[in-house]
Structures are given as structure tokens and as C-alpha cells.
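The values are calculated or read from the model by the stated rules, or taken from the named source; none is laboratory data. All figures in this text were calculated on a predicted structure; none of them were measured in a lab. Don't worry about glycine lacking a Cβ; one is built from the backbone with ideal geometry, like all the others, and counts go over all protein chains shown.
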Amino acid sequence: MSPVVTMSQLLKAGVHFGHQTRRWNPKMQRFIHGERNGIYLIDLNQTLERISDAYTFVRDTVSRGGMVLFVGTKKQTQDAVQSFAQGCGQPYVNQRWLGGMLTNFETMAKRVAKMKDYQRMRDSGEFDEMPKKEALMLSRELTKLERNLSGISMLRERPQVVFVLDTKKEHIAVTEANKLGIPVIAVVDTNCDPDVIDFVIPGNDDAIRSGELMCRVISEAVQEGQLMRSKKADPVQAPKVLEEEKEVDQEEAKKAAAADFQERERKIASEITATTETSEEQVEKEEEA
């Protein structure tokens, strides 16, 4: 099996650069390879191992029907979180983590339903029929709801995994997941606490390329899990699908045969008509002669 990522890819993305030596968490010491110019260097051999473990966990979870919530609200991670989450059909939070998104999920679900109702009203033209002031207020509220909740609108229940790009920035998300027993996968830099994370990926949580690489890894794990899930469903669905395809093929064959028969009948009729006309012309010529 080929590696999920290579050492070269990690180096190019700058995953090995930690924080300044004066800004560190001693609990991360076991993941530190050394230091250079006052910057801690992360042991990428451990990073590779941890990425592989996280990849396998995500793949297997998704293959059982689970969902992964991507979380990254820092400016340099927002685009990667949204694009890779959408690319594999998973929920995401890339603007602001609202307290209670996990622990008070029922209330969040109601707010999502409210957002969808406003969207329906807007799309159906109901806003245009309202007084301008009321329509403006609802439009502003909808914009705010979409900014904060559009990424989780697909969630019908709490996610089975939370993937975080910066555990300090997203400490509320991590705390809520811990409280509910939801496994957390996170990129953990040298200034963070690894003890609150289930699947620690030692790495640079600030660099854009590092964040993109980690998002891609989790996205690919999700896609492989989805493929595994679809293959598991095939043995049940395959007989029905094959039977339906067989019926369609038979029906198309019948139509083709009927069309071919009609075409042959038309040609025969045309040939008979042509022969008759030729015979009549020949008789007329003989009579004239």
C-alpha cells in the first residue's frame, strides 16, 4: 500500500516548522526533533505515522456511514476547510464556532431550519412582497445565518468525528467534542496540548500549505470510506440492478427488431412499386412501337 503522504510533501508544505522555543507546551516534547534559529522542528517520522492512523480511522468511520466535521476558522485555513469538505460531501465550520454547535445541537438544528425557511422565502419572491424595512431585516439575518451555519446545513445528527486545524483557536470545538465523547483528529503544533486530542498529528498549524495538505489527506480518507461503503451495498443492490438492466436491454432489443422489420417491409414495398412502374413503362413503350 502506498503511503498517504510522503516525507517530501510534508517538507515542501512546511509541516515540520513549530513555534518559537519560548512559546511551547512541554507536553509536545516527545514530538519535537530539535530546534533551529529559535524555532522548534517537529519529528516528521511521527507525523507520518499519525497521519496514517488518522486516515485509517476516518476511512473506516465513513465506510460505516459516519460523517466528519471539518473545523478551521483562521483566515489562512478557511478556504481549504470549505473546498476540501465540500469536495467530499462533509460538513464544515470555517467562519465562527458558535458555542453549543455540538453540545446544544438541537438548538443549532432549529437555527439551520430557520435559515432554510428564509432561503425558501427569498427564492420564492416572498421578500419582494414584504415592506422594505422588514425584508431588509430578514435579508440581513439570513446573510448572518448563512455565513455561520451553511457549512453544517447537511447535518441531521452530531458528526462522528471532528477534524481540527488549530486546537488553540478552536478550543471550544475541542472541548465540546471531548464532553460528548466525539473523537477529535487535529493538527497539533508545538504550543498546544496533545492530551485533549484523540488522534494527534504533530505539525505546523499556521502555514497555508500545511493546512491544505492535511485537509486533502482527510478528504481522501473520506472518499475512500465512501467508496468502501458503496461497495458494501453492491451485493444487495447488484441483482436488482442487473435484472433491471437486462429488462431494459431486452426491451431495446425488441424495439430494434421491430424497427428493423419495418425498414425491411418498407424496402420490399418500395422495390415492388419500382418493379411495377418499370413493367408498366416497358409495356407502354412496346405498345407505342
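Of the strands (runs of 3 or more DSSP E) lying entirely inside segment 1-98, not one contains at least 1 residues that are outside the structural domain of ASN191 (by TED's automatic domain parsing). Among the criteria (1) exposed (fewer than 15 other Cβ atoms within 10 Å of the Cβ); (2) modelled with pLDDT of 95 or more, the one ASN25 does not fulfil is (1). Within segment 36-54, residues that are of a type in the set (Lys, Arg) have Cβ atoms under 8 Å from residues that are surrounded by 15 or more Cβ atoms within 10 Å (Cβ to Cβ) in these pairs: ARG50/PHE199; ARG50/VAL200; ARG50/ILE201; ARG50/PRO202, counting only partners at least 6 apart in sequence or on another chain.
When you look at THR103, is it closer than 30 Å to SER63 by Cβ and either of a type in the set (Ser, Thr, Tyr) or surrounded by 12 or more Cβ atoms within 10 Å (Cβ to Cβ) (or both), yes or no? Reasoning before the result, please.
Details: closer than 30 Å to SER63 by Cβ: yes; either of a type in the set (Ser, Thr, Tyr) or surrounded by 12 or more Cβ atoms within 10 Å (Cβ to Cβ) (or both): yes.
Criteria met by THR103.
Checked against (1) in contact with a helix residue (DSSP H, G or I) (Cβ under 9 Å, 6 or more places away or on another chain); (2) surrounded by fewer than 19 Cβ atoms within 10 Å (Cβ to Cβ); (3) assigned by TED's automatic domain parsing to the domain that holds THR6, GLY181 passes all but a single condition, namely (1).
Return yes when GLU224 is in contact (Cβ under 8 Å) with a residue 24 or more places away in the chain and farther than 12 Å from GLY14 by Cα and no when it is not. Spell out the reasoning first.
Details: in contact (Cβ under 8 Å) with a residue 24 or more places away in the chain: yes; farther than 12 Å from GLY14 by Cα: yes.
Yes: the conditions hold for GLU224.
Would you confirm whether any residue within segment 158-178 is buried (at least 18 other Cβ atoms within 10 Å of the Cβ), of a type in the set (S, T, N, Q) and within 24 Å of the chain's Cα centre (by Cα)? Yes, the conditions are met somewhere in segment 158-178. The numbered conditions (1) in contact with a His (Cβ under 7 Å, 6 or more places away or on another chain); (2) without any contact (Cβ under 8 Å) to a residue 60 or more places away in the chain; (3) of a type in the set (Asp, Glu) are all true for ASP189 except (2).
Say whether the condition of being more than 17 Å from LEU155 (Cα to Cα) and within 25 Å of the chain's Cα centre (by Cα) is met by at least one residue in segment 15-38.
yes
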